1. If you go through segment 33-45 one residue at a time, do you hit one that is among the small types (Gly, Ala, Ser) and modelled with pLDDT under 90?
2. Say we look at segment 18-37 and pick out the residues that are outside any loop (DSSP other than H, G, I, E, B) and within 9 Å of the chain's Cα centre (by Cα); which of these is surrounded by the most Cβ atoms within 10 Å (Cβ to Cβ)?
3. List the pairs whose first member sits in segment 1-17 and is under 11 Å from CYS27 (Cα atoms) and part of a loop (DSSP other than H, G, I, E, B), whose second member is hydroxyl-bearing (Ser, Thr, Tyr) and at pLDDT below 90, and whose Cβ atoms are under 8 Å apart, counting only residues at least 6 apart or on separate chains?
4. Which of the residues that make up segment 5-17 are at pLDDT 90 or above and surrounded by fewer than 17 Cβ atoms within 10 Å (Cβ to Cβ)?
Amino acid sequence: MNVAFCTCRDTKCPLNPVNHDRGCTPCIGKCLREGELPSCFFNALAPYRGPDAD
């Protein structure tokens, strides 16, 4: 399943929507359980520049 608005570039992640037919639900669920924000939220705001970007 390709989710047209998905900004996640980690296509190797088993929770990425390209790897199953359940959309964003598994990723969002995991993030909620772990108290995290999904990285796709940040990717939508600004492109990832790496951990050492100023």
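1. First pass over segment 33-45, keeping only residues among the small types (Gly, Ala, Ser): 35, 39, 44.
From the residues that got through so far, the ones that are modelled with pLDDT under 90 too are 39, 44.
Yes, that holds for at least one residue.
2. CYS27
3. CYS8/SER39
4. Across segment 5-17, the qualifying residues are LYS12, CYS13, PRO14.
The values are calculated or read from the model by the stated rules, or taken from the named source; none is laboratory data. As the structure is a computational prediction, the values presented were derived from the model and not from experiment. Here the Cβ is made from the backbone with ideal geometry for all residues, glycine too, and neighbour counts use every protein chain on show.
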